Structures are given as structure tokens and as C-alpha cells.
1. Going residue by residue through segment 62-75, is there one that turns out to be within 11 Å of the chain's Cα centre (by Cα) and touching a residue at least 60 places away in the same chain (Cβ under 8 Å)?
2. Condition check: surrounded by 11 or more Cβ atoms within 10 Å (Cβ to Cβ), in contact (Cβ under 8 Å) with a residue 24 or more places away in the chain, farther than 17 Å from residue 15 by Cα and touching a strand residue (DSSP E or B) at 6+ places or on another chain (Cβ under 8 Å). Does residue 37 satisfy that?
Amino acid sequence: MVEKHIGVVSNYFSKVGVVAIKLEGKLKLGDKIRITGGDVKLEQPVEEMQINLKSVKEAKKGDDVGVKINGKVRKGYNVFKI
């Protein structure tokens, strides 16, 4: 399985289950991501994604995106597209 580092967690909003990711690569709906850090290894497809509270289908390098996730992560964790 080939994976590519595409960003870093810049924030996590536990009440709504959303992670903010500072992208270093492209990301689109349907892509499968892995978030790793500490003892966390979370994998899931991207089903919802927003930029500035507006839903988007894809994002590019340099964008800050919000992605709904099923788990808890922390600022600084790495994000990979798998």
C-alpha cells in the first residue's frame, strides 16, 4: 500500500469531531486518509470536507480544510493519503 504525506493536523474540534488539516498535497472527497501520532492510527475515507465553512469536493496544497473524522487526534499529527 503506497501512502503519501499530505499534511499536518493544525487543530481538532472534539465537540463536532472535525480535524483541521494544513495541506501539503491534494485531497478530494472519497480519498482514504490515515492520521498518525502518539499511539493513534486512524484510517477512514474523506466523506465531508470544508474550507471556510463551505463544502468543497477537493482541496489543494496550502489549503486549510476541515474534515469530519471518527476518532480523537491532536495538533501536530501527520496526515497521509493511502
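The values are calculated or read from the model by the stated rules, or taken from the named source; none is laboratory data. Computed from a prediction, not measured in an experiment: that's the story for all the values here. Neighbour counts run over all protein chains shown; Cβ positions are idealised from the backbone, glycine included.
1. Yes: segment 62-75 contains one or more residues that are within 11 Å of the chain's Cα centre (by Cα) and touching a residue at least 60 places away in the same chain (Cβ under 8 Å).
2. Details: surrounded by 11 or more Cβ atoms within 10 Å (Cβ to Cβ): yes; in contact (Cβ under 8 Å) with a residue 24 or more places away in the chain: yes; farther than 17 Å from residue 15 by Cα: yes; touching a strand residue (DSSP E or B) at 6+ places or on another chain (Cβ under 8 Å): yes.
Taking the combined requirement at face value, the residue satisfies it.
Here is a yes/no grid of residues against (1) hydrophobic (A, V, I, L, M, F, W, C); (2) surrounded by fewer than 11 Cβ atoms within 10 Å (Cβ to Cβ); (3) modelled with pLDDT of 95 or more:
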residue	(1), (2), (3)
16	yes, yes, no
19	yes, no, yes
22	no, no, yes
29	yes, no, yes
33	yes, no, yes
48	no, no, no
